[in-house]
Amino acid sequence: MLIPFVVFFPFFGAVLTALIGRKNERAGDCLAAAVCAAEFLPAILLLFRGGEFRIGGIMAYGISFTTDGFRCVYAVIAAFMWLFTTLFGLEYFKEEREHLIRWWFFVLLTLGATEGVMLSADLMTTFLFFEILSFTSFTWVIHEETREAISAGYTYLFIAVIGGLVLFMGMLLLKAALGTLSFDLMDTAVRERGITKEVFAGGICVLFGFGAKAGMFPLHIWLPKAHPVAPSPGSALLSGILTKVGIYGILMTTMHVFSKNTGYGMLVLLLGEITMFLGALLALFSVNLKRTLACSSMSQIGFILTGTGMYVLLTAAGSEEGAGTALSGLMLHMVNHSLIKLTLFMAAGAVVMRIHSLTLDEIRGYGRNKPFLKAAFALGALGISGVPLFNGYISKTLLHEGIVEGIHECTAYASLLRVSEWVFLISGGFTFAYMLKLFICLFVEKNSDAVRQKEFDRERRSMNVLSCAVVFGSSLLMIVLGQPAVMKKLAAFMTGSEEISEFSAFAIGNLKGGLISLGIGAAVYLFAVRNIFIRKGSYVNLWPEKLDLEFLVMRPLLVKILPGIFGTVLSVFGENKLLIPLARAAVFLGTFAGRVLADSTDAVILFFRKTIFKERKAAAPKTDLPGFWWTIRESTAETIGLLAQNFSFALLMTCIGILLILGGLVFMMLFHS
Amino acid sequence: MNPLILLVPILLPVIGGFLIIPASFKDAKKRAYYAEAVVVLTSVFVWLALLRVSRDPVTVYSFTSGFSITFRIDGMSMLFAGMISVMWPLVMLYAFEYMKESKRQNGFFAFYVMTYGITLGIAFSADMITLYLFYEMLSLVTIPLVTHYGNHESQYAGRKYAAYTIGGASLAFFAVVMTTLYGDAGTFIFGGSLHEGFNTRLMMFAFILGFFGFGTKSAVFPLFDWLPTASAAPTPVTALLHAVAVVNSGIFAVTRMTYYVFGTEMLRGTSIQYICMMTAAFSLLFAAVMAVREKHFKRRLAFSTMSNLSYMLFSVMLLTPEGMTGGLLHMLIHGVIKMMLFLCAGAFMHVTGNNYVYEIDGVGKRMPVTFSIYTLASLSLIGIPMFSGFISKWHMVMAAIGEGSAWGTAGAAALIISAFICAVYCLTVSARAFFPMAGKDRYAGNGGIREAGVLMLVPIVFFCVVDICIGVHPGPIVDFVSRIAGGIL
């Protein structure tokens, strides 16, 4: 009963919180925190007592859950992050209480949906909860209901829906091709049937569907927009865990369907590299605290995807050990990134909470004499930059090790992998550079406005005790997870194998990769950031405004190009361009034929008078009637006018229909004989 | 039970509805009680007939041999008649409230009730002649409903509606004649009722005329323009007739013709099948994009209806049992969803007097129930799991992929893409209602704007509950429909 409790309790808690919160807001806050706490304990118990759970009949297919090392760890991390962000939120939302009940309601719903995804045993269940959390987390993005928030919310929704539907298509393709959606049965199905074209198409769709949520290029556009505008606890969750939901889906299909498919591996690797590099670059250019962190998330997702790609390539090349390294690396990096972003976004929240701004110039020097905030941020920054002794170092080294293994094992495209290795190292360097930029800006430099700096300095404590404990406490995990022994245990538990027990984190070869990265980072900071991005003492945004995938390509395509094309089609086929002319042509033909027939009698008489009766001077009888063409034109117009204005237009259409039939009949007869 | 009882649900509303005109009620309440009583009684008889009447055909009147008016109940009639028999009484409630201020209500309700009987006639008909007869009658009886407001716009809409539906029916007439000549008088027999000895090419031609002819009522691509224009009608008409009864009778007729007269064997794999499939696929994409362009709330929904009708046509034209299951399921489910959408749109228009999408900004906080349900219905229409739309979309796309040809897969992709566009045109409305970018205060200071009356909310909430029930536990309905598609019912 542990699994259904973990998944469905938050849904129940959300409803309860909303009901009670309506009556008494303060009680609603406490209840939300209590629900998260009550969720955390059973989630931990899952680590020791796994199991399976299935409900048949829902949506005709049924939903099913299972547990293994990776799923359990992520269930715990989700519960942990929710607990911490909710506790932090108690202070964060103290003064901005607008829509707070809505916030708790949707936060708790999303918790349930996230646990549902993380414990799902088949793609259908994953999809169901994935869609739920896509829509519930939309309300996080628009929570503040400012113009930017709503605009970002629309983008988020747009991508979420597109991702959901592409995923749906992929899921159906996989179901049709493999006959099952259960992850475990997919293994056997793939072994029996191989990767056919349909399976591959389905896999690509699934990759893009989940990739949209993970922030994979080219569906990353929502990420740098949505994270900064959401309230900080929400940004922490969006970045720390919701992106991982996407990764979860990608990882599951990769491991169970495509683990030996080189083409798929290459695709994931390339997309991962692009995401990694582009994210880091965007982060370096950004002048907004949370936007930098958001772009950094995107970049870290790229690292994880790169690891996924390497895992596939190495498995396909037959290197068990290398694949194990890559898998451990990417799973550990997922864990690390979740926890690091939790700390960093909460630290950013502590800044926003007080000074309601995120622009680097305005918050410059805020943290100069706030030791806990400074320490927490520093630990997070050290972790994410991959500095030895902190957690990010180990996972990044493993990922790097995976690429190095790949260069040795997959000789066919060793040169390509060598390039990726450098992209990897440079992206790692950028990570260090932008974190350095943030840290120095917030905690070392003084604000250019001396009065403002004085205000900052006067304020000794930025958070109350609870928030401080939460933020600082979460940052201590960076050190705990920086120990190789802990990480090895964790990796063994998550992957279920002992592949990296031999791995030595601080061997010279491994240190070298990390140090090269850090060196690049330091150089970039010193030469590029200090000299180019800071002009006249303030941080400037050098990213060209126009260079935005969303506004450059996606929106015009949807709003202008497609409707334009179809609109043209409509105007051609619409009644005024097609039916009325058709009717006019029919009437014209009729009048013409009638007039010709009528005149032909006259013509016959004339003919005989000229030939038989030899009336040389004979001419057509002169009448008052107007000319031939004029009659036709006028009577056509008159008829059409009459027709279009009354009911007989319908009858005319009937006639046209019957004429078409007759024409068709004649045609058919001729054709056939 | 005597199969002649089938006549009761057809004649009762026709006569009962007609009597409203000579009775010319002065008191709105009396008229409402009378009309509702007729409709409810009819629904009772429908269910009695569905559950109790034997499956034998009953011939009411025979013109010549093999040319008669015959009724019979089978799976498809059960589905269609069962569906509208639940919807009609509920939407009548809505109509009483909605039409309260309108003129000429006697005429309106007379035709509204009569349409019910005619639609049941379509559902119960046992051969092409009977179907065609009621099909034409349906066109005629609904014209006064479209032109009800009597202003220039609705007159124009009425003319256009008449032109399209009557013209379309004349196309279908050829198919009716051909099947009557070469088949068992066009009797509906699952798997086809054509005898040997016809010219296949000519028959194919008849089929394609029939497809587009009957397809006119379900707004298939080149013959669709009447549907958005007909949004000028009062909302109960747009909701019940132009989203469910009339347009679904088009789908119903195409399905009947395809599976019960021509038979799938003859058509499968021919270019005719692919022409029809691709027309439908293009039509559904086209309509979805047009819906995004459209600013008028009801016309936008009308384009969405067109798109969804083309889903059904596409799915039916896959000519597999799965395809038929998907198409019929979507007929039912789309009916429920679109009913919600239109009724919500009607509630908005009734309460605020506004018609355009940009006038929705911020009204969600004033009408939370209406727009929450509107949002749920939109999610359902997109195909989000746990709502009914997901179920039918699942079946349609699975059928399209399972069909095997490249056309099928292309159509499946078209379905998914149009579902995405559907999200754009549906959710922007909800987003505007709840989270407007600007004009947040349009309805803020105005104390007059609040939820519509109870009579209008009851059907909306009811359909929402039905929608979620089907979405969570679709087993029985899917079984029922796949039994129809398997030829068992």
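The values are calculated or read from the model by the stated rules, or taken from the named source; none is laboratory data. Just so we're clear, the structure is a prediction, and the values are computed from it rather than from any experiment. We place every Cβ from the backbone using ideal geometry, glycine too, and count neighbours over all the protein chains shown.
So that you can scan it fast, the table gives a plain yes or no per residue for (1) within 14 Å of chain B (Cβ to nearest Cβ); (2) more than 28 Å from the chain's Cα centre (by Cα); (3) at pLDDT 70 or above:
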residue: A:Ile479; (1), (2), (3): no, yes, yes
residue: A:Glu498; (1), (2), (3): no, yes, yes
residue: A:Leu547; (1), (2), (3): no, no, yes
residue: A:Pro556; (1), (2), (3): yes, no, yes
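Against the definition (at pLDDT below 90 and more than 10 Å from chain A (Cβ to nearest Cβ)), how does B:Met386 come out, yes or no?
no
Quick grid of which residues meet (1) among the acidic types (Asp, Glu); (2) within 27 Å of B:Gly327 (Cα to Cα); (3) touching a residue at least 40 places away in the same chain (Cβ under 8 Å):
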{"position": "B:Gly16", "(1), (2), (3)": "no, no, yes"}
{"position": "B:Pro22", "(1), (2), (3)": "no, no, no"}
{"position": "B:Lys30", "(1), (2), (3)": "no, no, no"}
{"position": "B:Leu41", "(1), (2), (3)": "no, no, no"}
{"position": "B:Leu48", "(1), (2), (3)": "no, yes, yes"}
{"position": "B:Ala95", "(1), (2), (3)": "no, no, yes"}
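Any residue in segment A:30-39 that is surrounded by fewer than 16 Cβ atoms within 10 Å (Cβ to Cβ), outside the structural domain of A:Phe183 (by TED's automatic domain parsing) and either touching a strand residue (DSSP E or B) at 6+ places or on another chain (Cβ under 8 Å) or not in a helix (DSSP H, G or I) (or both)?
no
Step by step: first the residues of segment A:40-77, then only those that are of a type in the set (Phe, Trp, Tyr), away from chain B (no Cβ under 14 Å) and in contact with a Phe, Trp or Tyr (Cβ under 9 Å, 6 or more places away or on another chain), then the one that is farthest from A:Met331 (Cα to Cα). Which residue is that?
Going through the qualifying residues, I end up with A:Phe53.
State whether one or more residues within segment B:393-413 are among the aromatic types (Phe, Trp, Tyr), within 20 Å of B:Leu301 (Cβ to Cβ) and either touching a residue at least 12 places away in the same chain (Cβ under 8 Å) or more than 11 Å from every other protein chain (Cβ to nearest Cβ) (or both).
no
Starting from segment B:299-314, take each residue that is over 15 Å from B:Ala413 (Cα atoms) and list its partners that are outside any helix (DSSP H, G or I), counting only C-beta distances under 7 angstrom and pairs at least six apart or across chains.
Short answer, once both residue conditions are applied: B:Arg300/B:Glu294; B:Phe303/B:Glu294; B:Met306/B:Ala219; B:Met306/B:Phe224; B:Leu309/B:Ser218; B:Leu309/B:Ala219; B:Leu313/B:Ser218; B:Leu313/B:Val220.
Enumerate the pairs (first residue in segment A:488-509 and more than 25 Å from A:Leu425 (Cβ to Cβ) and outside any loop (DSSP other than H, G, I, E, B); second residue anywhere and at pLDDT below 80 and not small (Gly, Ala, Ser)) with beta-carbon separation below 8 Å, excluding pairs fewer than 6 apart on the same chain, so at least 6 apart or on different chains.
So the pair list comes out as A:Ala492/A:Glu498; A:Ala492/A:Ile500.
Do you know which residues across segment A:130-169 are out of contact with any Phe, Trp or Tyr (no Cβ under 8 Å at 6 or more places or on another chain) and free of Cβ contacts under 8 Å to residues at least 24 places away in the same chain?
Those that are out of contact with any Phe, Trp or Tyr (no Cβ under 8 Å at 6 or more places or on another chain) and free of Cβ contacts under 8 Å to residues at least 24 places away in the same chain: A:Ile132, A:Arg147, A:Tyr154.
If you go through segment B:10-65 one residue at a time, how many are closer than 25 Å to B:Ala126 by Cβ, surrounded by fewer than 19 Cβ atoms within 10 Å (Cβ to Cβ), in contact with a helix residue (DSSP H, G or I) (Cβ under 7 Å, 6 or more places away or on another chain) and of a type outside the set (A, V, I, L, M)?
So the count comes out to 4.
Can you tell me which residue is surrounded by the fewest Cβ atoms within 10 Å (Cβ to Cβ) among those in segment B:217-227 that are within 10 Å of chain A (Cβ to nearest Cβ) and assigned to a helix (DSSP H, G or I)?
Of everything passing the filter in segment B:217-227, B:Pro222 is surrounded by the fewest Cβ atoms within 10 Å (Cβ to Cβ).
Could you say whether any residue in segment A:314-321 is closer than 23 Å to A:Met494 by Cα and crowded, with 22+ Cβ neighbours inside 10 Å?
Yes, the conditions are met somewhere in segment A:314-321.
Looking at segment A:84-98, which of its residues are part of a helix (DSSP H, G or I) and more than 29 Å from the chain's Cα centre (by Cα)?
Listed by number, the list holds a single entry, A:Glu91.
Going by what's in this entry, would A:Ile101 be described as part of a helix (DSSP H, G or I), in contact with a helix residue (DSSP H, G or I) (Cβ under 9 Å, 6 or more places away or on another chain) and closer than 16 Å to A:Ala212 by Cα?
Against the criterion (part of a helix (DSSP H, G or I), in contact with a helix residue (DSSP H, G or I) (Cβ under 9 Å, 6 or more places away or on another chain) and closer than 16 Å to A:Ala212 by Cα), A:Ile101 does not qualify.
Of these, B:Ile373, B:Ile384, B:Ile391, which one is β-branched (Val, Ile, Thr) and assigned to a loop (DSSP other than H, G, I, E, B)?
Within the list B:Ile373, B:Ile384, B:Ile391, the selection yields B:Ile384.
I'd like to verify a number: residues in segment B:380-392 that are touching a residue at least 40 places away in the same chain (Cβ under 8 Å) and either of a type in the set (Ser, Thr, Tyr) or under 27 Å from B:Glu451 (Cβ atoms) (or both), how many?
8
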